[in-house]
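Throughout, read-outs are computed from the coordinates displayed, never taken from laboratory work. Keep in mind the model is a prediction, meaning the values are calculated, not measured. Glycine also receives a Cβ, built like all others from the backbone with ideal geometry; neighbour counts cover every protein chain displayed.
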Amino acid sequence: MKQTVAIGFVGTQLDAGRGPNRWSKWRPTVALCGHEDLLVTRLELLHDRRGTALAATVAADLAGVSPETQVNRHLIDFADPWDFEEVYGGLHDFARGYDFRPERDDYLVHITTGTHVEQICLFLLTESRHVPARLIQTSPPRRPDHGPGAYIVVDLDLSRYDRLAARFAREQREGLSFLKSGIDTRSPTFNRMIEQIERVVIATRAPILLTGPTGAGKSQIARRIYQLKRTRNQVAGDFVEVNCATLRGEGAMSALFGHVKGSFTGAMRDRPGLLRQAHGGMLFLDEIGELGLDEQAMLLRAIEDKTFLPVGADREVSSDFQLIAGTNRALRARVREGAFREDLLARIDLWHFQLPGLRERPEDLEPNLDFELDRATQTLGTRITMSREARARFLKFAVSPEARWPGNFRDYNAAVLRMATLAPGGRIDIATVEEELARLRAAWGEDAAPDLVALVLGAERAAALDRFDRVQLEDVLRVCRSCESLSEAGRLLFAASRARKASTNDAHRLRQYLAKHGLDFEATRRG
Amino acid sequence: MREGIVSIDGAEGEGGGQILRTSVGLALVTGTAVRVDRIRARRPKPGLMRQHLTAVRAAAEVSGATLEGAEPGSTSLTLRPGAVRGGEYRFSVGTAGSATLVLQTVLPALLTAPRPSRLVFEGGTHNPWAPTFDHLDRAFLPLLRRMGARVEARLERHGFHPAGGGRIVVEIEPIERLAPLCLLERGDVRSHAATAILSALPYDIAKRELAVLRERFPWDPECFRPLMVKDAAGPGNVVQITVACEHVTEVFASFGERGLPAERVAAQAADECAAWLAAGVPVGAHLADQLLLPLALAGGGSFRTVAPTGHTRTQAALVPRFIDVRVDLRRDDDGQWTVIVE
């Protein structure tokens, strides 16, 4: 069995007393070692210079009351035992110098005695595990002179309390659900990432980098992170959001870092800038890869030192904010191109989360559909429902290779909202879905060229093409697919030559061109 | 040494520290292993307390015993004694425990150990809920000596609750075996002494206590004396009445405590003494439970006493578990009791 070691201050008031009367008064440190069911094998008795004689008296009294207790006295001299910095420093030194053997000894920190500041510092050092102990609080007997009174032992390791653990688990679940905007997502990769984000944002104020394709939900998650921290009282300031792509040229510096009146033409008055607006809060810089190099340098400074120089100012200002950066670009490549500072990247990608695009989260299409239907119900003020076959049709399309979703969930959610808005009587039927699918195809068709090549040639061979050739093939394919025959397509494609009568064998030229890509006319209609 | 292990239900009878200490003492003197379960099971704070632990550890020390479950709060204890060794021992007893209770635990075994012993006890010598040193020295030890024991005790310093710091020295010359004792008459009263012991407390307390005692007992004024203790570690107040008879001496004590008027303290000891005087028997309630064990070791004996307390009944039930004797508690026609050990 481990032996119990108590650590505590001699109480200059509570433990005081020299004459015989001290025995009729409750003295916490003496009582601590006098409990019948608690054997303190060692007492580390802390005292300052003024408490030296008192500590000696207490130690002598304990020799009679509790001969089993070895009392070690430690002089920690405080000029002012109410000075937090001094007391914490002194106790921190004591804790660092003390040979804790938690495998052999069970430590109890006695917090009934000492100044309140001393008690607070002991608590903090115990809570931060600088002192690997539990707390013990003692109290006098109900009737004076009737024994050592009572004590309670408090373990600050909250995971040891079942009901609290359940509470934390619930809070964490709420946090996760919150980050997911209440959408019951099923994608394991996505859910795992959200769990990590939750843990990270609760634990740190370090910058966070969110990457992922456009429409994957970066700015939404950034905003939810802010709101989560806000509900947990971890952030007091505002959420400030800006897309760096909109911060090009002259105005970028002043928009971010502010300027002083008259610093340039048009600077009619002081402008605080976004960084200062985010003081005590959170700054979300979306598309951070678009930030100019000068702005990057200043931003790095602002993150590291929490100070920066507004445009035209001769004194630095400070702002303390948590940075969340978003980008859909490969920042490493931007660094290689010299367009992004390597030191800034190193600073912001300590916590880097890659948000998967819609294609990587097929499991989440249905939960998102339901969520968007609910949201539409609220926005539109009518209950929006969807027939079973309409739902099946839409979801089947959504995961098909045909559905490109270039804007990921942004596009997907917009499609749902359109269907909800156009649904007759609030019920989305198969016709509504088909209309939407036609709309989507048309929208994607406008810029569908690159994929048309991939559709016909397969992604691998398409990727091997030079851009030069690919643009050509893409147009050829589009024409072929709109024509009934090879000849018709040839006529359209070689219309100019034909007009000059430079060539008459259009079909042959087209066949040869297609053969070069391993295709015939039929093959152009694949996919 | 006996084979096997005696299993005791610690919650039976008195159900507290006494059953534990007696079991351990009997284990030592008989060389039997003992296991006590459900230690203090019916008490508000069940399990071994530090004062019991002190006695158990002392017992283990003088007998080279192995212990299991010897820690605060433990509800089950096993002690396997080795050979009891006489010698020099020093036991520091915190004030929660009493030196006399620790002595009671180890004394029977050391009386018949192969070598002499010198025991030093430090701690409380005059504590409530335990025989005072004076009870031990004037009432109990003389009877043991009559049974052949060679044992002397000396109080070197008083120790009161809560400061403790007292000191008792006990010297034992071992003998083969105790002789039976028959104590049916107290004989003529030879002397009285009523003492108000006082340490670091106003003298007025002793005056008030002695005034009560003088009123209660028509004894020679010389019998009523204050005893001002100068060298104790802390304050203390004990009222002690000693009545020495031809065949026995009895000591009655009561303890001052904060909030309890001196007159009430004195009245408690006086009431006990008066009841014993009226009963006409030699052995008082507390002495009775202490005598059972030595009588059993002697193989027999008898004494007349007042109605047995829970402690005495517990002893009577416990002793035959270890020693092959019969203990009879018999109520006599005069309303008093005779205890016979065969």
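Just a few scattered comments:
- Taken about its Cα centre, the protein assembly as shown carries a charge dipole of about 1780 debye when Lys and Arg each add +1 at the Cβ and Asp and Glu each add -1 at the Cβ.
- What the Cβ-Cβ distance of B:GLU257 and A:ARG359 gives, at R0 = 60 Å and to the nearest 0.05, is a FRET efficiency of 0.10.
- Electrostatic tally near A:LEU283: other residues with Cβ closer than 15 Å to its Cβ, Lys and Arg +1, Asp and Glu -1, net +2.
- Above 26 Å, the calculated P(r) of chain B contains 48 percent of its Cα-Cα pairs.
- Projecting the Cα atoms of B:VAL229, B:THR305, B:ALA262 onto the charge dipole of chain B, computed from C-beta unit charges around the Cα centre, puts B:VAL229 farthest toward the positive end.
- Per-bin percent of Cα-Cα distances, the range B:189-279 [10 Å]: 17, 52, 25, 5
- Put simply, the amide H of B:CYS245, placed in the peptide plane, has neighbours under 5 Å in B:ARG190, B:GLU250, leaving out anything fewer than 5 places away on its chain.
- Share antiparallel - DSSP beta bridges, the protein assembly as shown, percent rounded to 5: 45
- When chain A is described by a simple charge dipole with +1 on each Lys and Arg Cβ and -1 on each Asp and Glu Cβ, the residue from A:PRO362, A:GLN119, A:ASN243 located farthest towards its positive end is A:PRO362.
- Computed from the Kirkwood radius of its Cα pairs, the Stokes-Einstein diffusion coefficient for the range B:85-179 at 4 °C and 1.567 mPa s stands at 99 µm²/s.
- Between 0 and 90 degrees, the angle of helix B:50-63 with respect to the longest Cα principal axis of chain B falls at about 60 degrees.
- Couplings 3J(HN,Hα) for the range B:235-243, derived from phi with the Karplus relation 6.51 cos²θ - 1.76 cosθ + 1.60 (θ = phi - 60°), are x, x, 8, 9, 9, 10, 10, 10, 10 Hz, where x marks Gly and Pro.
- Think of the protein assembly as shown as having a plus end and a minus end, set by charges on the Cβ of Lys, Arg, Asp and Glu; of A:ILE7, B:TYR203, B:PRO108, A:ILE7 sits farthest toward the positive end of this dipole.
- On Cα atoms only, tilt of B:310-322 relative to the major axis of chain B in degrees: 30
- Nonlocal amide H pairs with A:ILE324, under 5 Å, H built at 1.01 Å: A:ILE208, A:LEU283, A:PHE284, A:LEU285
- When the GluC sites (Glu not before Pro) in the range B:1-83 are filtered for DSSP coil states and for at most 11 other beta-carbon atoms within 10 Å of their beta-carbon, the remaining sites are B:GLU3.
- From its DSSP helices (H runs of at least four residues, each -39,500 (n - 2.57)), chain B gives a residue-normalised ellipticity at 222 nm of -10000 deg cm²/dmol.
- Full-stretch length increase - A:VAL153, A:ALA79 - with 0.36 nm per residue and alpha-carbon distance subtracted: 23.6 nm
- Theoretical ellipticity at 222 nm over chain A - DSSP helices of four or more residues, -39500 (n - 2.57) apiece, nearest 500: -14000 deg cm²/dmol
- Taking a Cβ cut-off of under 12 Å around A:THR385, the surrounding Lys, Arg, Asp and Glu residues balance to a net charge of +1, with basic ones at +1 and acidic ones at -1.
- Once the Cα atoms are used to define both axes, helix A:365-380 deviates from the longest principal axis of chain A by about 90 degrees.
- Working note: Karplus 6.51/-1.76/1.60 with θ = phi - 60° gives the range B:202-212 the couplings x, 4, 3, 4, 5, 4, 5, 5, 5, 4, 4 Hz, where Gly and Pro are set to x.
- Residues of type aspartates and glutamates that A:LYS261 reaches as a straight line, Cα spacing below 19 Å, ignoring anything fewer than 8 places off in the same chain: A:GLU250, A:ASP270, A:ASP314, A:GLU316
- Taking each of A:LYS2/B:LYS230; A:LYS2/A:LYS229; A:LYS25/B:LYS45; B:LYS45/B:LYS230 in turn, the alpha-carbon distance tops 32 angstrom for A:LYS2/B:LYS230; A:LYS2/A:LYS229; B:LYS45/B:LYS230.
- Kirkwood radius for the range B:3-65, taken over all pairs of different Cα atoms as the inverse mean of 1/r, rounds to 11.8 Å.
- Hz values of 3J(HN,Hα) by residue in the range A:128-145 - Karplus curve (6.51, -1.76, 1.60), Gly and Pro given as x: 8, 6, 5, 10, x, 9, 9, 8, 10, 10, 10, 9, x, x, 4, 9, x, 6
- 12 Å cut-off, amide nitrogen to a point 7 angstrom out along A:GLU171 Cα→Cβ, residues in the range A:189-213: A:202-203
- Around the Cα centre of the range A:434-519, unit charges on the Cβ atoms of Lys, Arg, Asp and Glu (plus for the first two, minus for the last two) sum to a dipole of about 680 debye.
- Taken along the Cα-to-beta-carbon direction at a fixed 7 Å, the label points for A:ASP99 and A:SER181 span 6.0 nm.
- Amide H contacts of A:MET386 (H built 1.01 Å from N, under 5 Å, at least 5 apart or other chain): A:ILE428
- Evaluating kT/(6 pi eta Rh) at 4 °C and 1.567 mPa s, with the Kirkwood radius of the protein assembly as shown over Cα pairs in the Stokes-Einstein relation, gives 36 µm² s⁻¹.
- Full extension of the segment from A:LEU293 to A:ASP475, taken as 0.36 nm per residue of separation minus the current Cα-Cα distance, would add 61.7 nm.
- Placing dummy labels 7 Å off each Cα toward the beta-carbon, the span from B:ASP334 to B:ARG118 is 4.5 nm.
- Cα gyration tensor shape for the range B:28-142, rounded if a/c is under 1.5, else prolate or oblate: oblate
- Computed P(r) (all Cα pairs; the range B:146-194; 10 Å bins; percent): 18, 25, 36, 21
- FRET efficiency estimate (nearest 0.05) - Cβ-Cβ, A:ASP238 to B:ARG208, R0 60 angstrom: 0.20
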